[in-house]
Amino acid sequence: QKEVEQDPGPLSVPEGAIVSLNCTYSNSAFQYFMWYRQYSRKGPELLMYTYSSGNKEDGRFTAQVDKSSKYISLFIRDSQPSDSATYLCAMSGGVYGGSNYKLTFGKGTLLTVNP
Amino acid sequence: GAVVSQHPSRVICKSGTSVKIECRSLDFQATTMFWYRQFPKQSLMLMATSNEGSKATYEQGVEKDKFLINHASLTLSTLTVTSAHPEDSSFYICSARKTGSQETQYFGPGTRLLVL
């Protein structure tokens, strides 16, 4: 079993739809959880950052972390064509988790929002 | 803000030559920077962790003599691909962690290397 599992998609939705992206993981030492958006031929852009369990909202984006289930989600409300990109989940145990700040990434989900 | 730049954005070189890629944190200090490689339609593969003032830590399978990393200041890390070959052609991305912060890494825009 890989440390982080993420459905690669592709996922295609109409404009205005609610998008749900998720990742599961196996390493209970992970404490920090991130979602990055990556456009084609560009570097990843940090969207959301969450420490431990809970929800975090930023505009149209909501990140949820359920450490008991080892499951994280990213919700995008009122999706726009400009949201079309690859979404990567990433997580880390921090220096105390033995990872020395290294991130473990999911494979990424390719999202297309159709006008 | 947390802006990371990379230079050059694209480079084409002949087989056997060396190429240097710069990664700069523009508005924050970064004790730790990371170098990744990404193949088409694949996720990022960590190559090495670069710590300011000390030797880089390479991931298993990454040749440290081929991929030379220097992190001479809190805002600059460089990756030199020595004696490049066509199989080294890839998208190289750096990231930086803010000194004193928690886990978040901020990524540069990437450098596309093509070795002919």
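The values are calculated or read from the model by the stated rules, or taken from the named source; none is laboratory data. Given the structure is predicted, the values throughout are model-derived calculations rather than measurements. So basically every Cβ, Gly included, is an ideal-geometry build from the backbone, and we count neighbours across all protein chains shown.
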Self-check item: Answer from B:2, B:84 - the residue that is crowded, with 17+ Cβ neighbours inside 10 Å, within 10 Å of chain A (Cβ to nearest Cβ), in a loop (DSSP other than H, G, I, E, B) and more than 12 Å from the chain's Cα centre (by Cα)
Solution: B:2
Quiz item: Which of the residues belonging to segment A:44-68 are at pLDDT 95 or above and among the small types (Gly, Ala, Ser)?
Solution: A:59, A:63
Quiz prompt | Test: residue in segment B:85-108 that is in contact with a His (Cβ under 7 Å, 6 or more places away or on another chain), farther than 18 Å from residue B:16 by Cα, without any contact (Cβ under 8 Å) to a residue 60 or more places away in the chain and hydroxyl-bearing (Ser, Thr, Tyr) | solution = no
Quiz item: Conditions: (1) in contact with a Pro (Cβ under 8 Å, 6 or more places away or on another chain); (2) under 23 Å from residue B:33 (Cβ atoms). Residue A:30 meets all but one. Number of the miss?
Solution: (1)
Quiz item: Out of all the residues in segment B:5-41, which are farther than 14 Å from residue B:91 by Cα, of a type in the set (S, T, N, Q) and either within 14 Å of chain A (Cβ to nearest Cβ) or outside any loop (DSSP other than H, G, I, E, B) (or both)?
Solution: B:5, B:25, B:31, B:32
Quiz item: Can you name every residue in segment B:87-116 that is surrounded by 15 or more Cβ atoms within 10 Å (Cβ to Cβ), modelled with pLDDT of 95 or more and not in a strand (DSSP E or B)?
Solution: B:88, B:89, B:108, B:109, B:110
Quiz item: For segment A:15-112, list the strands (runs of 3 or more DSSP E) that sit wholly inside it and hold at least 3 residues that are within 9 Å of chain B (Cβ to nearest Cβ); which are they?
Solution: A:32-38, A:45-51, A:85-92
Practice problem: Show the residue pairs that are 6+ apart or on different chains and have beta-carbon atoms under 6 Å apart, the first residue being within segment B:51-67 and within 14 Å of chain A (Cβ to nearest Cβ) and over 17 Å from residue B:83 (Cα atoms), the second being surrounded by 12 or more Cβ atoms within 10 Å (Cβ to Cβ) and among the basic types (Lys, Arg). | Solution: B:58/B:64
